[in-house]
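Shown next, in structure tokens, is the structure this report addresses.
The values are calculated or read from the model by the stated rules, or taken from the named source; none is laboratory data. If you're wondering where the values come from, they're calculated on a predicted model, not measured in any experiment. Quick reminder, even Gly has a Cβ in these numbers, built from the backbone with ideal geometry, and neighbours come from all protein chains shown.
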Amino acid sequence: MTGLPPAPRGPADPLEQIRHTILADPQHAVAYLNAHAGTLPWPAAVTHTLLAEAHLLDGNPERALGHAVHAASLPGTALAQALPACAVLADLNCWTGQDDAAEVCSMYRDLAGDADDPARLVCAQALHAVAVFQHQACLRGRAALDDLVRAAPAGSAVLVMLRHAQTAMADSCRTGTDPAGPSAWTPVPGGYLCPAGQPQPDYLTSRLGRHHATHICRDERPGPHTAPREVPR
Ligand SMILES: [Zn+2]
């Protein structure tokens, strides 16, 4: 492909340059990464993780998922590259509503725990709670998220993110509807576009709002199915 600048002007670090390119022009970043795949100064797992993030931002989640699966399954990948690959893979499983999203989040959570990476660990646990809320049982997802809220440092960006999701989950259960929340793209914390310790406030709700909830709470309330439509006051 011709006409592709090597990278935008800006930071000297090539990885930092491509981060900027993805955020500014993901389509251009995809073209650049594909055109220079053989000469990029990092392992293939990084390239495929970056391609996954760029494709998702560019509105192509299926292609993004393919790159994320490839990045996370490359043999011999060092932990420093496997962690962001798994973060992006877990995120894309949630974004695209895969039935086994909770299992993939568990894999990411275990890797972050083994790596002693507390910032990624709490993000992985939170994403797992979202997947459980959607695919398994709302109350279990909420209980897991409540535990994370209690443990999160006061005033932290993580706590803000967790509380947004906590409120969205509670509202969803109260109304028996699917979770409301922004469905627009927000970078997954712990990938290459957002530090794990600095998640955006709407990250979790952006994933929560994309798919149905599995409301088991309706069965555990006193007579929601048989209650009269007009409750006398
Ligand atoms: Zn519920």
The number of residues in region 45-88 that are surrounded by fewer than 19 Cβ atoms within 10 Å (Cβ to Cβ), among the polar types (S, T, N, Q) and closer than 19 Å to MET107 by Cβ is 1
Residue pairs within 7 Å by beta carbon, gap of at least six or interchain, first lying in region 200-217 and more than 25 Å from ALA119 (Cα to Cα), second hydroxyl-bearing (Ser, Thr, Tyr), listed first then second, are ALA213/SER172
Taking region 169-179 and keeping only residues that are surrounded by 23 or more Cβ atoms within 10 Å (Cβ to Cβ) and either modelled with pLDDT of 95 or more or more than 13 Å from the ligand (Cβ to nearest atom) (or both), one is left with MET169, SER172
Return a yes/no flag: does region 153-163 have any residue that is within 16 Å of the ligand (Cβ to nearest atom) and in contact with a helix residue (DSSP H, G or I) (Cβ under 7 Å, 6 or more places away or on another chain).
-> no
Can ASP147 be described as free of Cβ contacts under 8 Å to residues at least 12 places away in the same chain and closer than 22 Å to ILE216 by Cβ?
-> yes
Could you grab the pairs with beta carbons closer than 8 Å, sequence gap of 6+ or different chains, first residue in region 156-182 and under 13 Å from SER206 (Cα atoms) and assigned to a loop (DSSP other than H, G, I, E, B), second one within 13 Å of the ligand (Cβ to nearest atom) and acidic (Asp, Glu)?
-> PRO179/ASP171; ALA180/ASP171
